[in-house]
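Here the structure is laid out as structure tokens; the discussion comes afterwards.
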Amino acid sequence: MALKTIQAPIPGTFYRKPSPDQPVFKEPGDIIAAGDTVGLIEVMKSFMPVVAEEGGKLAAFHIENEDPVMAGDPLYDLEA
Amino acid sequence: MAIKALFIANRGEIAVRIIRAARELGIRTVQAVSAADRDMLAARLADAVVEVGPAHASKSYLDKTVMVQAAVASGADAVHPGYGFLSENADFAAMVEEAGLIFVGPRPQTIRAMGDKATARAMAAKAGVPTVPGSEGRVETPDEARRIARDIGYPVMIKASAGGGGRGIRVAATEAELDALIPQASSEAKAAFGDGGLYLERFIGRARHIEVQVLGDGDDVIHAYERECSLQRRRQKVWEEAPAACLAPAVREALCASAVRLARSVGYRGAGTLEYLYDPETGEFFFIEMNTRIQVEHPVTEMVTGIDLVRAMLEIAGGAKLAIAQSDVVLNGHAVEVRINAENPAKGFMPSPGVATALAVPEGAGIRFDTMLYEGYAVPPFYDSLLGKLIVWGESRAAAIVRLAAALEELHVEGLVTTAPLHRALARDAAVLAGDVHTRWLEGWLERGGLS
């Protein structure tokens, strides 16, 4: 299977949950569809959703919840 | 005991401002930095730098234990919290003091009391400072609502007890409207917040945001007059002035005297700001809250009074008494500050972190630029978007705005998109020039395409 690495579109802090007391958007192993929200990136106190541009199986995250990310950094792997 | 070494528990332009004030007093500076801030201007200027944790503020600048430990280990004898982060955290202030260090700010109990809106409101009432007339809690029945609204005076605002940030607000101009809106507002609040509870408050249609700067040494308190910060977007100030040109001299004196009464009643220590809403139609002012720290917009006050507020904070924290008598605080001219943020006004104020590849800063008489920028600096995406503050002074408000417009033409930040175009447009807008604005004016202006 082809593994594709999706990069962070913008820099900031990566969140896997909509808020600290809520479950994660996606778990590794989940099947995701184009348009699904995979996480949030907080850039200068604004929260931007990370929206999947294509579907597949989310293989793994490269960035942990609340960790910093730069634009272009590997964010997650997708099995198409 | 005068401070010998100061730990700066903040970042950005305010850290730079604090380091400069400390230097003038011969105080050694130790700058806290997160892993993302090693290259910031304050880190370059400070005598020493201590890394306090990862980029995310909750693990660095907001971690009370880590910050206190770092301050102690650095050999500092005082901590300046700046604004934001832990600056109004009473527990942090107490921890600093328990560790045997000086907290540059008010006593922890003052921060705690003023940080609680209900307590602050009650203390204001006790000091004879007017607050926005309201229901003092939930309104239980339509009869009670009518009775309270009559006391408050129409129009009244109907607010959801569980709401916030302007959500769930309705305005009733008459008793008939109140009767119609209460059930509607209650069911909507129930649906939105799971709680149908409502309270009432006087509605001020064209409210202006006016705030009084105070300075206390724990015994005596003086004011350094007021600022107006009515130009706001999403409750964030974007343009600030001193003094508030809309106030009649008698109102100014009454307003500033009320702020001193309240600050004195709590034995205020350090620099603080009392925020008010001003109703230009009735000439009434109402206390909203007190900020127990230095504020972003403090330079406009410095420009019109000649007082160095940050230096005064450090002197007071070191045990000095107020060096200025109230009668020596004299207003001179007018000052305007605009916030230069890394945001794109043409794209809904989208954040725009990046590298400042080139920088040209306006200079000349009456111009000051307080900034965190230098050429080649990579503005990190993890913190707020304030890059700097352009502050101008003029002998009159009109002269200050002319100077502002000219200074904005000289300001060039390459590599980053900034809010400078917003301020260029505001500086030539007829309503801004006439001072005919209120706290909701800017958002309406933006919606009407003021920028295009």
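If you check B:LEU314, B:LEU274 for being buried (at least 19 other Cβ atoms within 10 Å of the Cβ) and either of a type in the set (Asp, Glu) or touching a Phe, Trp or Tyr at 6+ places or on another chain (Cβ under 7 Å) (or both), only one passes: B:LEU274. Counting residues in segment B:5-13 that are at pLDDT below 95, under 22 Å from the mean Cα position of the chain (by Cα) and either open to solvent by 30 Å² or more (accessible area, probe 1.4 Å) or among the β-branched types (Val, Ile, Thr) (or both) gives zero. Scanning segment B:361-385 for residues that are in contact with a Pro (Cβ under 7 Å, 6 or more places away or on another chain) and either open to solvent by 20 Å² or more (accessible area, probe 1.4 Å) or within 14 Å of another protein chain (Cβ to nearest Cβ) (or both) yields B:ARG368, B:PHE369, B:VAL379, B:PRO380, B:PRO381, B:PHE382, B:SER385. Note on segment B:124-150: residues that are of a type outside the set (A, V, I, L, M), closer than 16 Å to B:ALA185 by Cβ and touching a strand residue (DSSP E or B) at 6+ places or on another chain (Cβ under 6 Å) amount to 3.
Only one of B:ARG293, B:ARG261, B:ARG269, B:ARG311 is among the basic types (Lys, Arg) and over 26 Å from B:GLU24 (Cα atoms); which?
Working: B:ARG293 fails: over 26 Å from B:GLU24 (Cα atoms); B:ARG269 fails: over 26 Å from B:GLU24 (Cα atoms); B:ARG311 fails: over 26 Å from B:GLU24 (Cα atoms).
Going through B:ARG293, B:ARG261, B:ARG269, B:ARG311 in turn, the sole match is B:ARG261.
For beta carbons closer than 6 Å, sequence separation of 6+ or different chains, a first residue in segment B:337-356 that is more than 11 Å from chain A (Cβ to nearest Cβ) and touching a residue at least 24 places away in the same chain (Cβ under 8 Å) and a second that is in a helix (DSSP H, G or I) and open to solvent by 20 Å² or more (accessible area, probe 1.4 Å), the qualifying pairs are B:PRO345/B:PRO421.
For B:ALA70, state whether it is buried (at least 20 other Cβ atoms within 10 Å of the Cβ), at pLDDT 95 or above and of a type outside the set (S, T, N, Q). It is true that B:ALA70 is buried (at least 20 other Cβ atoms within 10 Å of the Cβ), at pLDDT 95 or above and of a type outside the set (S, T, N, Q).
Out of everything in segment B:27-42 that is without any contact (Cβ under 8 Å) to a residue 60 or more places away in the chain and open to solvent by 10 Å² or more (accessible area, probe 1.4 Å), what residue ends up being farthest from B:ILE316 (Cα to Cα)?
Looking only at segment B:27-42, we keep the residues that are without any contact (Cβ under 8 Å) to a residue 60 or more places away in the chain, and these are B:28-33, B:35, B:38.
Next, from what is left, pick out any that are open to solvent by 10 Å² or more (accessible area, probe 1.4 Å): B:28, B:35, B:38.
Values: B:ARG28: 17, B:ALA35: 32, B:ARG38: 30 Å.
My answer is B:ALA35.
A:MET48 satisfies every condition listed in (1) open to solvent by 50 Å² or more (accessible area, probe 1.4 Å); (2) within 14 Å of chain B (Cβ to nearest Cβ) except (1). So for segment A:22-42 (the condition being farther than 25 Å from B:ALA342 by Cβ, more than 10 Å from chain B (Cβ to nearest Cβ) and in contact with a His (Cβ under 8 Å, 6 or more places away or on another chain)), does at least one residue qualify? No; the residues of segment A:22-42 include none that is farther than 25 Å from B:ALA342 by Cβ, more than 10 Å from chain B (Cβ to nearest Cβ) and in contact with a His (Cβ under 8 Å, 6 or more places away or on another chain). Filtered by the rule that a residue be touching a strand residue (DSSP E or B) at 6+ places or on another chain (Cβ under 7 Å) and either within 14 Å of A:ILE63 (Cα to Cα) or open to solvent by 50 Å² or more (accessible area, probe 1.4 Å) (or both), segment A:19-34 gives A:PHE25, A:LYS26, A:PRO28, A:ASP30, A:ILE31.
If you filter segment B:164-189 down to residues that are modelled with pLDDT under 90 and touching a helix residue (DSSP H, G or I) at 6+ places or on another chain (Cβ under 6 Å), you find that the one that is least open to solvent (accessible area, probe 1.4 Å) is B:GLY168. When B:GLY216 is tested against (1) crowded, with 22+ Cβ neighbours inside 10 Å; (2) at pLDDT below 95, exactly one condition is not met: (2).
Criterion first (assigned to a strand (DSSP E or B) and either modelled with pLDDT of 95 or more or away from chain B (no Cβ under 12 Å) (or both)) does A:ALA60 satisfy it?
On the way: assigned to a strand (DSSP E or B): yes; either modelled with pLDDT of 95 or more or away from chain B (no Cβ under 12 Å) (or both): yes.
Answer is yes for this residue.
Of the residues making up segment A:1-15, those that are out of contact with any Gly (no Cβ under 8 Å at 6 or more places or on another chain) and over 16 Å from A:ALA59 (Cα atoms) are A:PRO9, A:ILE10, A:PRO11, A:GLY12, A:THR13. Residues in segment A:4-16 that are away from every other protein chain (no Cβ under 14 Å) and open to solvent by 40 Å² or more (accessible area, probe 1.4 Å): A:LYS4, A:THR5, A:GLN7.
Going through (1) open to solvent by 20 Å² or more (accessible area, probe 1.4 Å); (2) closer than 14 Å to B:ALA342 by Cβ; (3) in contact (Cβ under 8 Å) with a residue 60 or more places away in the chain one by one, B:THR419 falls short only on (1).
Is it the case that B:VAL296 is assigned to a loop (DSSP other than H, G, I, E, B), in contact with a Ser or Thr (Cβ under 9 Å, 6 or more places away or on another chain), open to solvent by 10 Å² or more (accessible area, probe 1.4 Å) and among the β-branched types (Val, Ile, Thr)? Against the criterion (assigned to a loop (DSSP other than H, G, I, E, B), in contact with a Ser or Thr (Cβ under 9 Å, 6 or more places away or on another chain), open to solvent by 10 Å² or more (accessible area, probe 1.4 Å) and among the β-branched types (Val, Ile, Thr)), B:VAL296 does not qualify.
The values are calculated or read from the model by the stated rules, or taken from the named source; none is laboratory data. Because the structure is predicted, anything quoted here is derived from the model rather than measured. Methodologically, a virtual Cβ is constructed for each residue, glycine included, from the backbone with ideal geometry; neighbour enumeration extends over all protein chains shown. Keep in mind that these areas ignore ligands, DNA and RNA; they rest on the heavy atoms of the full protein, side chains included. Shrake-Rupley method; radii C 1.70, N 1.55, O 1.52, S 1.80 Å.
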